[in-house]
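A short write-up of the structure that comes next.
The values are calculated or read from the model by the stated rules, or taken from the named source; none is laboratory data. What you are looking at is a predicted structure, and each value in this text was computed from that prediction instead of being measured. A quick note on method: Cβ atoms are made from the backbone with ideal geometry, for glycine too, and the neighbour counts reach across all protein chains shown. These area figures cover heavy atoms from the full protein model, side chains too; ligands, DNA and RNA do not enter into them. Shrake-Rupley method; radii C 1.70, N 1.55, O 1.52, S 1.80 Å.
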Amino acid sequence: MSSETAYRKVDRSGRANQEPVPYLKRDIAERICDFEEVILGYDGELAEDEASRCMQCPDPQPCTLSCPAGNDIPEALWLTSQGKYVEAALVFAATSPLPEVCGRVCPNLCQQGCVLGKRYGAVSIGKLEAFVSDVAREAGALTIKVPEQKTGKHVAVVGSGPAGITVAEDMIKLGHEVTVYESWPEAGGVLVYGIPAFKLDKRVVGYKIQDLRDAGVTFITNTRVGQDIMVEDLQHEYDAVFLGTGAGIEATMSIPGEDLDGVWKSTDYLVRANVKEAYRPEDKKVVPDVGKRVAIIGGGDTAVDCARSSIRLGAEEVTIVYRRTEAEMPGNKSERYICVEEGTQINYLQAPVEYIGDENGRVKAMKVIKMELGEPDASGRRRPITIEGSEFIQEVDTVVLAVGYWPDPLLGDKTENLATHNWGLILADEAVGATTREGVFAAGDNVHGPDLVITAVASAHKAASSMAAYLEGKSIALPTPKPRRKK
Ligand code: SF4
């Protein structure tokens, strides 16, 4: 954070009493008919009014402390309030390579830290970040500057989601050559194939990938490391390897009927529904025919994304079935609110125990059991307990499983000395990103499990810093393998 921010004097009580400025959203009736972005955000006038609510808290500012990437938020908001949008965007971009993305999809940990939150309503930092970043993008101010002098070192980055993008940018800025491997047909990883377009316009991701290409980064798509090429092969070709493969393997509940037609896993469903046909692999060209009644199983952001996609695919009744209560529900509350606003019903304290098919092998109903909450489990949330004899039948035409994600186990299984633990998470020192295999670094969801874009960015910055030190010949301590837990 800047030293100027720490001493900036403003009328704090006057600012605290300013009403929050609502951002613009598309009408419900219009937006549920397409997959375009729902949040329109702020224009310049509204942005300046909202940014001027920031009280410029003295150092250390709670918003900055709450941001995993440590964005200098008061500085960015001050510049925004002065109409200096590009300068504000560059403050966000100084700590995050994805300000346009985070402004749209981050659940705003910074806002949760804002001192105005409880009493007056937190400053809408995310929407302001998206606004100023879009302005800076239009102005051509977000290009990546690279040194003329190259180091002669080459790094391979596996995965082109938030962690991979962060490491690619950090490395290319240091003068290293960077090649990114992506298993999907298009670069962007989860930003293209996981987050629906109604939350994140794919053009925003495309701009970032183009920035990296313009800076000299090479992308090799349709290539799954661990299957099409091995980590060992990459280490022969490159001076260091970064694994930013995320957590894209869906968990299932292993209950009868999961293999029926019309029962989908969330990624498959979201890709077919949201990603434009040219970006989809051959085996995902068909868009789900959802029928009238769709049930989404799960309670996190992915469940919400699947529910909102179902409405846009033409479903008339969309239900999220969640085994705990709203108090234990993970994910972004405001997204959940939008989901309900668009017509989704959430059934709490219920879980399916069986999917029932028709004579053609297509799901037609599910047997659901009611739950009650018991003592807290290892996650700290109260454990759901089934209520004997409470089963009932719910008719459905489509079911989508959104019950959790794990990393691809292939990398750990196929790479010697690359230790994994807890259902395939790569064992890496989270402070430095070193794995148990020398010269191989990892960060993001494949290390800590599914989390936020900004969390992956923050941990990938640390791994990039360690990779840079490694490329300079410094020794990096490797973590000690732990016993692996079974799924
Ligand atoms: Fe501004 Fe809120 Fe941060 Fe204080 S905590 S500096 S009011 S955004």
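Spelling out what I want: for every residue of region 270-279, take phi, set θ = phi - 60°, compute 6.51 cos²θ - 1.76 cosθ + 1.60 (Karplus), and round to whole Hz; glycine and proline get x.
These are the phi-based 3J(HN,Hα) values: 5, 4, 5, 7, 9, 8, 5, 4, 4, 8 Hz.
I need the P(r) histogram for region 352-487: all alpha carbon pairs, bin width 10 Å from 0 out to the longest distance, whole percents.
With 10 Å bins starting at 0, P(r) equals 11, 26, 24, 19, 14, 5, 1.
Tell me, what is the FRET efficiency for Asp11 and Glu335 to the nearest 0.05, using R0 = 45 angstrom and their Cβ-Cβ distance as r?
Efficiency, rounded to the nearest 0.05: 0.85.
Hey, what do the phi angles of region 105-116 turn into as Karplus ³J(HN,Hα) couplings, whole Hz, using 6.51/-1.76/1.60 and θ = phi - 60°, x for Gly and Pro?
10, 5, x, 6, 4, 4, 5, 5, x, 4, 5, 7
Give me D for region 3-138 in µm² s⁻¹, whole number, from Stokes-Einstein with Rh from the Kirkwood sum over alpha-carbon pairs, 25 °C and 0.890 mPa s.
The diffusion coefficient I find is 164 µm²/s.
How many percent of all Cα-Cα pairs in region 252-403 sit more than 20 Å apart?
The calculated P(r) of region 252-403 puts 48 percent of pairs beyond 20 Å.
Which ³J(HN,Hα) values in Hz, rounded to whole numbers, follow from the phi angles of region 465-476 under the Karplus curve 6.51 cos²θ - 1.76 cosθ + 1.60, where θ = phi - 60° and Gly and Pro get x?
Per residue, the Karplus-derived 3J(HN,Hα) values read 5, 5, 4, 4, 5, 4, 5, 7, x, 7, 8, 10 Hz.
Mind listing the long-range amide H neighbours of Arg383? Cut-off is under 5 Å, sequence gap 5 or more, other chains count too, H placed in the peptide plane at 1.01 Å from N.
Placed amide hydrogens put Gly374, Glu375, Asp377 under 5 Å from Arg383.
How big is the chain along each principal axis, measuring the range of its Cα positions in Å and listing the largest first?
67, 61, 46 Å, listed from the longest principal axis down.
Under a point spin-label approximation (7 Å from Cα along Cα-to-Cβ), what is the Lys367-Lys292 distance to one decimal in nm?
So the label points at Lys367 and Lys292 sit 2.5 nm apart.
Near the amide H of Ala187, under 5 Å away, which other amide H atoms are found, from residues 5 or more places off or on another chain, if H is placed in the peptide plane?
Amide H neighbours of Ala187, under 5 Å, 5+ apart: none.
If you average the sequence gap of Cα pairs under 8 Å that are 6 or more apart and divide by the length of the chain, what percent do you get for the contact order?
14
So, by mean Cβ neighbours within 10 angstrom, what's the order for 71-78, 366-373 with the highest one leading?
In decreasing order of mean packing, 71-78, 366-373 become 71-78, 366-373.
Put a dot 7 Å past each Cα toward the Cβ at Ile28 and Lys414; how far apart are the dots in nm?
Label at Lys414, label at Ile28, 4.7 nm between them.
Please give every one of the lysines within straight-line cross-link reach of Lys202, meaning a C-alpha to C-alpha distance under 16 Å, and leave out same-chain neighbours fewer than 8 residues apart.
Partners found: Lys276.
Taking amide H positions as placed in the peptide plane 1.01 Å from N, state which residues far from Ile296 in sequence (5 or more) or on other chains have amide H under 5 Å from it.
The answer is Thr319, Ile320, Val321, Val400.
Using a 7 Å offset from the Cα along the Cα-to-Cβ direction at both Glu388 and Ala139, what is the distance between the two label points in nm, to one decimal?
Output for this residue pair reads 6.9 nm.
In nm, what is the difference between 0.36 nm times the number of residues separating Asp268 and Asp358 and their Cα-Cα distance?
Extending this stretch completely gives an extra 30.2 nm.
Which value, in debye to the nearest 20, gives the size of the charge dipole of the chain about its Cα centre, when Lys and Arg are +1 and Asp and Glu are -1 at the Cβ?
Roughly 900 debye for the chain.
Among Lys25/Lys285; Lys118/Lys145; Lys208/Lys292; Lys153/Lys199; Lys199/Lys474; Lys199/Lys364, which pairs are too far apart, with a Cα-Cα distance over 32 Å?
Table pairs above 32 Å Cα-Cα are Lys118/Lys145; Lys208/Lys292; Lys153/Lys199; Lys199/Lys474.
For Glu316 and Ile229, calculate 0.36 nm times their separation in residues minus their Cα-Cα distance, and state this gained length in nm to one decimal.
26.9 nm
State the extension gain, in nm to one decimal, for the chain segment bounded by Ser475 and Glu45, taking 0.36 nm per residue of separation less the distance between their alpha-carbons.
Gain on extension, Ser475 to Glu45, equals 149.7 nm.
When ligands, DNA and RNA are left out and all protein chains stay put, how many square angstrom of accessible area per residue does region 252-403 have with a 1.4 Å probe?
47
Set the Förster distance to 35 Å, then compute FRET efficiency between His421 and Glu19 from the Cβ-Cβ distance, nearest 0.05.
0.10
Using a Förster distance of 30 angstrom, determine the FRET efficiency expected from the C-beta separation of Ser465 and Ser379, and round it to 0.05.
After rounding, the FRET efficiency stands at 0.45.
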